[in-house]
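One structure below.
A short reminder: the numbers here are calculations on the coordinates, not readings from a lab. Note that this is a predicted model, so its numbers are computed, not measured. Cβ atoms come from the backbone with ideal geometry, glycine included; neighbour counts cover every protein chain shown.
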Amino acid sequence: MTDPAPAPETGTIARQHERLFETVRSIEEMLPIVAQRNEAKALQHALRSLLDYLSDQLHQHFAAEEQDDYFPRIAAREPRLARKVAELVRDHVELRALAAGLAEQGRKAHRSSDWAQISLQFWQLRERLAWHEREENEVAFQVHNVDLGAASDG
Ligand SMILES: [Fe+2]
Ligand SMILES: [Fe+2]
C-alpha cells in the first residue's frame, strides 16, 4: 500500500533549530557586555551583524516550516493538529516582526543604555522562541508517534 502523505522530513528543520539557538547563545553572551560598556565598539559591530543574521535565519527557518512538505503536510496527515499548526504559523509572524525590530534597533544603538533596552527585548524574543520551538517539537513528536503506531499496526 502506498502512503499518500509520507512523514515530514525533520532532519533539515532540526539542524536549523540547532543553528538558530547557537546564534541566540552568541547574542546572549555579548549583550551584557555592550549593555555595560560604551567603549565595546567592535563587539557592538559584531552584535549588529548577529542580530541581522538571526532575523534572516528566522525568516528562512519559518519559510522552510511553512512549505508544503512540513507544516501543511503535518496538518494534512493529522487533522487534529491543524489548529496547533495554524497557531505556530501565527507565532512566526510575531517572532519575525520581533527579530526584525531588534535588528533595526541594533543598527541605531550606540550607547550602553540602547543595548540595555535591546537586551530586555531580546530576552522576550528568546523566551517566546524557546516556547515556540518546544510546541513545535511536541507536534513533531505526536506525528512521529502516529507513524510508529501505524508501523506496529501493520
Ligand atoms: Fe516555527
Ligand atoms: Fe522551528
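Odds and ends about this structure:
- Exposed loop sites here are GluC sites (Glu not before Pro) assigned a DSSP state other than H, G, I, E or B and surrounded by at most 13 other beta carbons within 10 Å; excluding them, the longest clear run of the chain is 40-154.
- Rounded tilt (10° steps) of 82-108 against the dominant C-alpha axis of the chain: 20
- Cα→Cβ-extended label distance, 7 Å offset, between GLU39 and GLN67, nm: 4.8
- Note on ARG134 and SER49: with the Förster distance fixed at 22 Å, the Cβ-Cβ geometry gives a FRET efficiency of about 0.20.
- With a Förster radius of 22 Å applied to the C-beta separation of HIS144 and GLU22, the computed FRET efficiency comes to 0.35.
- Extension gain (nm, one decimal) between ALA116 and GLU29, 0.36 nm per residue minus Cα-Cα: 30.0 nm
- Calculated [θ] (222 nm, deg cm²/dmol) that DSSP helices of n ≥ 4 give over the chain, each run adding -39,500 (n - 2.57): -29000 deg cm²/dmol
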